[in-house]
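Student: The structure follows.
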Amino acid sequence: MSQFERKPMTGTIFFNQSENPKAPKLTGTLKLENGSDIRIALWIVTDRETGEARYDKHGKKFFSAKLSWPERQEHSDPADTTQSENPEDDLGF
């Protein structure tokens, strides 16, 4: 059986099984156009004071999202020419 290969600009999101109330409700991975994977985490938006879910103008719950690079994959954007080969060059002195 061959390994599943995600197509660019697609992804999969799963319900998170964490007991931590601050953990995201959903987590997953998306594949970008350049073939890099990026992680996504989604939280139901809640009121900071009451902790109750907030609703949009249509009465529906909504999510906040955070994207992050997987720890094991280093991302290098070929369009980003500001990165130096030597990190010490960016210190400014």
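Student: Output the residues belonging to the stretch 19-33 that are over 14 Å from Ala65 (Cα atoms) and exposed (fewer than 11 other Cβ atoms within 10 Å of the Cβ).
Tutor: Passing the criteria: Glu19, Asn20, Pro21, Glu33.
Student: Wholly within the stretch 4-93, which strands (runs of 3 or more DSSP E) include no fewer than the required count, namely at least 1 residues that are at pLDDT 95 or above and of a type in the set (Asp, Glu)?
Tutor: Answer list for the stretch 4-93: 37-44.
Student: What number of residues in the stretch 1-17 are under 17 Å from Pro70 (Cβ atoms), touching a strand residue (DSSP E or B) at 6+ places or on another chain (Cβ under 8 Å), without any contact (Cβ under 8 Å) to a residue 24 or more places away in the chain and not polar (S, T, N, Q)?
Tutor: Within the stretch 1-17, residues that are under 17 Å from Pro70 (Cβ atoms), touching a strand residue (DSSP E or B) at 6+ places or on another chain (Cβ under 8 Å), without any contact (Cβ under 8 Å) to a residue 24 or more places away in the chain and not polar (S, T, N, Q) number 1.
Student: Quick one: Asn20 ticks every box in (1) of a type outside the set (Phe, Trp, Tyr); (2) touching a strand residue (DSSP E or B) at 6+ places or on another chain (Cβ under 9 Å); (3) free of Cβ contacts under 8 Å to residues at least 24 places away in the same chain bar one, so which box is it?
Tutor: Condition (2) is where Asn20 drops out.
The values are calculated or read from the model by the stated rules, or taken from the named source; none is laboratory data. Predicted model only: the values in this text are computed from it and were never measured. Here Cβ is always computed from backbone atoms with ideal geometry, including for glycine, and neighbour counts include all displayed protein chains.
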